[in-house]
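Values quoted throughout were computed directly from the atomic coordinates according to the rules given, and no laboratory measurement underlies them. Quantities reported herein were computed from a predicted structural model and do not represent experimental measurements. Because the Cβ atoms are built from the backbone with ideal geometry, glycine has one as well, and the counts that use them run over all protein chains shown.
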Amino acid sequence: MKKQHSIILLFFILFLSCRKDEQIQKPGTGNNLISIFTATPYQITYPLFWSKNSIQIPLNNPMTVEGVALGRLLFYDPILSKDSTLSCSSCHKLQFAFTDTTRFSTGITGQKGTRNAPALFNLGWFSNYGLLNHLFFWDGGAADIESQALGPITNPIEMNETLFNVIRKIKSSKFYPQLFKKAFGTDSVTTQLMVFAIAQFERTFISGNSKFDQGRLINFTNLNPSEINGLFVFTNTSKGDCWHCHTLVDQSSPFSPDFGTDFRFHNNGLQIIFSDSGLARITKNPSDMGKFKTPSVRNLVFTGPYMHDGRFATLEQVVNFYDTMAYQGTNADPFITSDLHKTGLNLSNKDKSDLIAFLKTLTDSSFITNTEFMKY
Amino acid sequence: MRKNTNHFSRQYIVIFSAIFLVFSSCKKDASTVVAPSAYSLTFQLSHSFGNTVFQYAPQKFITAANDTLSFAKLEYYFTNIRLTKTDGSVISPSTYFLVDLDNPSTESITLNNIPEGSYNKISFDIGVDSAHNHSGTQTGALDPAYSMFWTWNTGFIFYRISGNFSSANTTFSLDLGGDNNLMTYDLPTYFEFAKNMTVNLNMNVKELFQNPYNYDLKTDSKDIHNTTDASIPKLVQNAKDMFSITLIQ
């Protein structure tokens, strides 16, 4: 079989040989003949406001209907864990915008981690806006969506399985090998193709249909006065000033990202002693101590508890944290330590409750009920 | 599984040779088209500790810093072999191999269809070049399933050596990786290539722990699992003298 692949690949290379250099498939980067067999291209449906802001998809992992379907099966399949008790979906539950409601999720051995499971939506845009090679995990430890999946699978306190074992189990399944063939046109089941499929499925998690989004094109005439004031608090630099990190209605951008995150890493002053070094774990740069990836403010009603360590159970606690800003440590983000906010936001009670009312307009109920995301 | 790797890699060599040919043929003013030959060049790797054959425990070795070591694991990426001809041209088949001493077949690496000619330098890397180090989840020898990959900090472990030291039952475990720590080797030599040939290449593991730094596991890091540990530059510097060509025939 492999010899046949070589021959097909050779023909492919010969075919492309006099085109631009970057079209040549490079050995080791693992392009798997994707371009010359026929799978059905997957058409992403974008929310109206993002129709001109499509996600960047890796050239070697184009999205196909078959690939997404395979990823969907794998996402919900507990064979990815050592004792077949946990799947990706055990901690990333659709009804909570693909997170769970516990502070720290429990792995197969009953141990808990030290970070809150992140919600999963609008992940594809990290490649457009994120920090190169540091796109996923709270601390940017994963370079891309594909490689992110390797972490929880192999982590001893999460799914605790070796990649060899996962691939062995997939290969010996009755149905997976033929589904891999349909999705990728090859008989070989590899680690790469497994995470490629999962990533394809995860890229379909697009959430942009909230009351806020519906109001985006009609000047927010659909929001009530309380929510309107909350939007003002959110975006006004001398009020909440939330939008610098939780990007929304950024007037400077023609296709305003509106993702509720800047896809970057910040220290929000949460830790006085860095029990978790965050981005600095990866970069070893002291100035990155305590920086974590900005989570999106979208779908907040589903995604609590909040912060990288899930320390706040409610939105009220989160708003109070920023409002009083009991920050005493080093390294806090300039947006946090600016003169305006040195002593906290000092919002009125009405502003605080209006802010929360506004945040709730970012709820996309159609996302968590989308049957395309459910277990087959 | 490891056999698979070689198989894959050999496939890549064939493919890459073809790409090379195709590239050459597309250049409008290609001065010389390097034709691949029917001959192969094999790298036969051996490992020593000083003048003694390198072996896993219970065999013990003494470093320049007077640590007594026994070894449990030695595994590394042997990549990007570059062969320089006397006319200055360079043959560089895309080569990614994982050498694992638990699997002796990985210590023999064969490159097919190497062009005939006079060669005066053999170069290669220990580790994975930046482009492939940041290309996420890949295949063949670069499959993360070989566990020479940090899944919580995407990137390859270039060189892994572990075992016990100082007779006390204390372990050491050194995983070297990171773009800055790619170990590049240029070994001058001379050979006429007009038949199948074998290059015997020896890694002297003792050199990892000496010259210029007497690496002392009692004071230097004995467990390295990131790309920025303060002791890494010492090991990378020391490693520069690790390889020698013992025979080409």
Task: Selection from B:I232, B:P144, B:L201 lying farthest towards where the dipole of chain B points positive, charges on Cβ - done: B:L201
Open item on the list: Which of rounded, prolate or oblate describes segment A:123-250 when judged by the alpha-carbon gyration tensor and an a/c cut-off of 1.5?
Closed with: prolate
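Give me the number: length gained by fully extending A:T38 to A:D83, i.e. 0.36 nm times residue separation minus the C-alpha to C-alpha distance, one decimal in nm. Write out the running numbers ahead of the final one.
Values: separation 45, 0.36 × 45 = 16.20 nm, distance 3.57 nm.
Taking A:T38 through A:D83 to full extension adds about 12.6 nm, to one decimal.
Defining a contact as two alpha carbons under 8 Å apart and six or more residues distant in sequence, what relative contact order in percent does chain A show?
Details: 650 pairs, mean separation 70.7, N = 376.
After rounding, I find 19 percent.
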Open item on the list: Compute the helix-to-body angle for B:2-26: its Cα long axis versus the longest principal axis of chain B, expressed 0 to 90° and rounded to tens.
Closed with: 40
Open item on the list: Angle check, please: helix A:65-75 long axis (alpha carbons) against the longest principal axis of chain A (alpha carbons), in degrees 0 to 90, nearest 10.
Closed with: 70
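Magnitude of the Cβ-charge dipole of segment A:41-207, K/R +1 and D/E -1, about the Cα centre, nearest 20 debye? Don't skip to the answer; put the middle values down first.
Details: 14 positive and 11 negative charges, 50 e Å.
That gives a dipole near 240 debye.
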Open item on the list: What are the equivalent ellipsoid semi-axes of the protein assembly as shown, built from the alpha-carbon gyration tensor (square roots of five times its eigenvalues), in whole angstrom, biggest first?
Closed with: 48, 30, 22
Open item on the list: Which one, A:I228, A:V68, A:L120, is farthest towards the positive end of the dipole of chain A when Lys and Arg carry +1 and Asp and Glu -1 on their Cβ?
Closed with: A:V68
TODO: Give me the distance between the Cα centres of segment B:73-151 and segment A:256-324, rounded to whole Å.
DONE: 41
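Within 10 Å of each Cβ of A:64-72, how many other protein chain Cβ atoms are there on average?
Details: counts 0, 0, 0, 0, 0, 0, 0, 0, 0.
That average works out to 0.
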Task: Magnitude of the charge dipole, chain A, Cβ model with Lys/Arg +1 and Asp/Glu -1, debye to 20 - done: 1040
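How many partner chain Cβ atoms sit within 10 Å of a residue's Cβ in peptide A:151-159, on average, as a whole number? Could you put the intermediate results ahead of the total?
Numbers: counts 5, 2, 2, 7, 2, 0, 0, 0, 0.
Mean shielding by partner chains, rounded to a whole number: 2.
Taking trypsin sites (Lys or Arg not before Pro) as candidate sites, keep only those in a DSSP loop with at most 10 other Cβ atoms within 10 Å, then name the longest stretch of chain A containing none of them. Walk me through the intermediate numbers first.
Details: sites that count: A:R19, A:K20, A:K52, A:K174, A:K342.
Counting only loop sites that pass the neighbour cut-off, the longest clear stretch is A:175-341.
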- [ ] Report the one residue of B:S166, B:T154, B:T219 whose Cα lies farthest in the direction of the positive end of the charge dipole of chain B (charges on C-beta: Lys and Arg +1, Asp and Glu -1; origin at the Cα centre).
- [x] B:T154
Task: Within chain B, helix-based [θ] at 222 nm, where runs of 4 or more DSSP H residues each add -39,500 (n - 2.57), nearest 500 - done: -4500 deg cm²/dmol
- [ ] Working from the alpha-carbon coordinates of chain B, get Rg over Rh, Rh being the Kirkwood radius.
- [x] 0.99
Task: Helix-only CD estimate at 222 nm, as mean residue ellipticity for chain A, using -39500 (n - 2.57) per DSSP H run (n ≥ 4) - done: -9000 deg cm²/dmol
TODO: Output the pairs from A:K239/A:K352; A:K211/A:K360; B:K60/B:K218; B:K121/B:K234; A:K211/A:K291; A:K291/A:K352 with a Cα-Cα distance over 19 Å in this structure; if there are none, say none.
DONE: B:K121/B:K234; A:K211/A:K291; A:K291/A:K352
